[in-house]
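I have placed the structure first, in the form of structure tokens, so that the comments after it can refer back to it.
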Amino acid sequence: DGGITQSPKYLFRKEGQNVTLSCEQNLNHDAMYWYRQDPGQGLRLIYYSQIVNDFQKGDIAEGYSVSREKKESFPLTVTSAQKNPTAFYLCASSGQDYGYTFGSGTRLTVV
Amino acid sequence: AQSVAQPEDQVNVAEGNPLTVKCTYSVSGNPYLFWYVQYPNRGLQFLLKYITGDNLVKGSYGFEAEFNKSQTSFHLKKPSALVSDSALYFCAVRDTAGGSYIPTFGRGTSLIVHP
């Protein structure tokens, strides 16, 4: 089955630590996205990428970084500069049919 | 600029009754409209979309939505609600004008179906 795999499902970060969230897709989609979800705030766009080796900042990119070295992979690093990283992170991809396919999410908690 | 509003944070309905989850939008050109459902601690699942054509769109799990251009609405409906329909529902819009292909998501509506 084609889809998006996010790992890990749960992640704990210590203060001052960088952590990387994995996102892999086998849908052959060109575009990939990272969203942050907080209760009552819907989805907020962090970064997106239309093609390999290119990515753009979304609405809340500060404290985050990404790379797109392969079409299938779009990892997100939450850096120590992100002061409030506790949230649910969703990766998505899109193809020619305009709709998004989402991964199952990673819940990040600062300890 | 594109925007979308889900005016209800929560909708309560009894099992077996019809349900409606509201969505209104604003775009400069023509809209592409989407509904997604999210179960706890899961990603969003695609339900249906309107790109062009018939105003009534049928989707997964018996859901449908009606595109109303004059009212700029795209309400999600189901004739008979199930307890298992209880989840968070998101409407999204993408404006065909302006060049952006990134949709805007609403804040979500929590649907609670009571037995």
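Numbers at a glance
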{"read-out": "Two-site label geometry, residue A:9 and residue B:9: point separation in nm, points 7 Å out along Cα→Cβ", "value": "2.9 nm"}
{"read-out": "The stretch A:1-74 and the stretch B:36-115: distance between their alpha carbon centers, rounded to Å", "value": "23 Å"}
{"read-out": "For residue B:23, residues with placed amide H under 5 Å, excluding near neighbours", "value": "B:74, B:75, B:76"}
{"read-out": "In Å, descending, principal axis extents of the Cα set of the stretch A:1-89", "value": "35, 27, 26"}
{"read-out": "³J(HN,Hα), Karplus 6.51/-1.76/1.60, whole Hz, each residue of the stretch A:47-59, x for Gly, Pro", "value": "8, 9, 9, 8, 8, 4, 6, 9, 8, 10, 6, x, 6"}
{"read-out": "Greater than 19 Å apart at Cα, pairs in A:9/B:49; B:22/B:69; A:14/A:70; A:14/A:83; A:57/B:49", "value": "A:9/B:49; A:14/A:70; A:57/B:49"}
{"read-out": "³J(HN,Hα), Karplus 6.51/-1.76/1.60, whole Hz, each residue of the stretch B:57-73, x for Gly, Pro", "value": "10, 9, x, 6, 6, x, 7, 8, 9, 10, 7, 10, 5, 5, 9, 6, 10"}
{"read-out": "About the Cα centre, charge dipole magnitude for the protein assembly as shown (Lys/Arg +1, Asp/Glu -1 at Cβ), debye", "value": "340 debye"}
{"read-out": "Relative frequency of Cα-Cα separations exceeding 17 Å in chain B, percent", "value": "51 percent"}
{"read-out": "Dipole magnitude (debye, nearest 20) for chain B, charges at Cβ of Lys, Arg, Asp, Glu", "value": "180 debye"}
{"read-out": "Only Lys, Arg (+1) and Asp, Glu (-1) charged, at Cβ; the stretch B:53-115 dipole about Cα centre in debye", "value": "80 debye"}
{"read-out": "Distance in nm between pseudo-label sites at residue B:51 and residue B:107 (7 Å out along the Cβ direction from Cα)", "value": "3.2 nm"}
{"read-out": "B:95, A:30, A:97 arranged by Cβ crowding within 10 Å, fewest neighbours leading", "value": "A:97, A:30, B:95"}
{"read-out": "14 Å beta-carbon shell around residue A:111, net charge (K/R +1, D/E -1)", "value": "+2"}
{"read-out": "Label-point separation in nm, residue A:38 to residue A:67, each point 7 Å along Cα→Cβ", "value": "2.9 nm"}
{"read-out": "Coarse-grained scattering of the protein assembly as shown at q = 0.15, 0.18 Å⁻¹, given as base-10 log I(q)/I(0) from a Debye sum over alpha-carbon atoms", "value": "-1.01, -1.34"}
{"read-out": "Chain A: relative contact order in percent, alpha carbon pairs under 8 Å with at least 6 residues between", "value": "35 percent"}
{"read-out": "Whole-Hz ³J(HN,Hα) from phi, Karplus 6.51 cos²θ - 1.76 cosθ + 1.60, for the stretch A:100-111, glycine and proline x", "value": "9, 10, 9, x, 8, x, 10, 9, 9, 10, 8, 10"}
{"read-out": "Amide H contacts under 5 Å for residue A:31, placed H, 5+ residues apart", "value": "A:94"}
{"read-out": "Percent antiparallel among DSSP beta bridges (both partners in chain B, rounded to 5)", "value": "85 percent"}
{"read-out": "The stretch B:12-104, relative contact order in percent, only Cα pairs under 8 angstrom and at least six apart counted", "value": "39 percent"}
{"read-out": "Candidates A:15, A:62, A:72: whichever shows maximal mean-square fluctuation once chain A is modelled as a Gaussian network with Cα springs under 10 Å", "value": "A:15"}
{"read-out": "Neighbour-limited loop hits for trypsin sites (Lys or Arg not before Pro), the stretch B:1-71 (at most 10 other Cβ within 10 Å; DSSP other than H, G, I, E, B)", "value": "B:69"}
{"read-out": "Summed side-chain charge close to residue B:61 - residues other than residue B:61 whose Cβ falls under 13 Å, Lys, Arg +1, Asp, Glu -1", "value": "+1"}
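Every number here is computed from the coordinates shown, using simple stated rules; none is lab data. This one's a predicted model, so the numbers in the text were calculated from it and none came from an experiment. Heads up, the Cβs are rebuilt from the backbone with ideal geometry, glycines too, and the neighbour counts pull from every protein chain shown.
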